[in-house]
Amino acid sequence: MGAEGGRQKAEGQRQEQPSAIRHPPSADEVWAALAHVPDPEIPVVSVTDMGMVRDVTVDGGRVSVTFTPTFSGCPALHVIRDSIGEAVRALGVEDVEVRSTLTPPWTTDWIQPDARERLRRYGIAPPAPAGDSPLITLDPEPTRCPRCGSLNVRMTASFGPTLCKRLYVCESCREPFEGFKSV
Ligand SMILES: [Zn+2]
C-alpha cells in the first residue's frame, strides 16, 4: 500500500522531455525494471515484492529511487543499493540516485500478497501481517511449518543466518526452516 502511494507521487512528478535524444524512462518503467531486481538473500522475490522500494522520481534525465531495507541490520544493504542502481542504468539512465531511508521503518506488511506464497513455497514461513496482533511486540504470531503446515514448531535460534530471520524446526515432520521476524 505504501508502494502505491509512492508510485502515484512519482507519476505526478513525471516530466516530458520531447527534445531529449534518449527519452528518460517513465516512473512506471523504472518500477517495472525494479520488479526484476531480486532480494539479495531470497532470490524468489524482488525488492518490489518485499515492498522495499518506497519512491521513484523521474526528473528530466535524473532518476531517484528511495528504498527501505527490510531490516536495518541486514548486511545486504549495499548489494540492494548497487542492484537498484544497475537496473535503472540498464534503462539508459546515467544520472541515478539511490537513497535508503529507515523512516518509516520497513514492515512485513509491505510484502506483496503473491510474494508471501512464493516465500512459503521457497521454504520460508511468511510473516503474519504485523497489524493482526496487538501482542506482536510481546509474543510473535504462530509460525507454521512451510512443508506440512503444522503449528507444532520450535524456534532453534532467534537470529538466523542473517538478522532478518529465525530458525525453526518442525516437531511434526522434523523439517528445519527459516521464518521471518515480524517487525
Ligand atoms: Zn512440518
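For Glu94 and His23, FRET efficiency with R0 = 22 Å and r from the beta-carbon atoms, rounded to 0.05? With R0 = 22 Å, the Cβ-Cβ based efficiency is 0.95. Ordering 27-38, 89-100, 48-59 by mean Cβ neighbour count within 10 Å, with the highest value first, yields 48-59, 27-38, 89-100. The value obtained for the stretch 27-76, namely the Cα convex hull volume divided by the number of residues, is 75 Å³ per residue.
With R₀ set to 41 Å, the beta-carbon distance separating Cys148 from His78 gives a calculated FRET efficiency near 0.65.
Taking each residue as 0.36 nm, the span from His36 to Thr156 lengthens on full extension beyond its C-alpha to C-alpha distance by 39.9 nm.
Each reported figure results from applying straightforward, stated rules to the coordinates on display, with no laboratory input. Just so it is clear, the structure is predicted and the values come from calculations on it, not from any experiment. Here the Cβ is made from the backbone with ideal geometry for all residues, glycine too, and neighbour counts use every protein chain on show.
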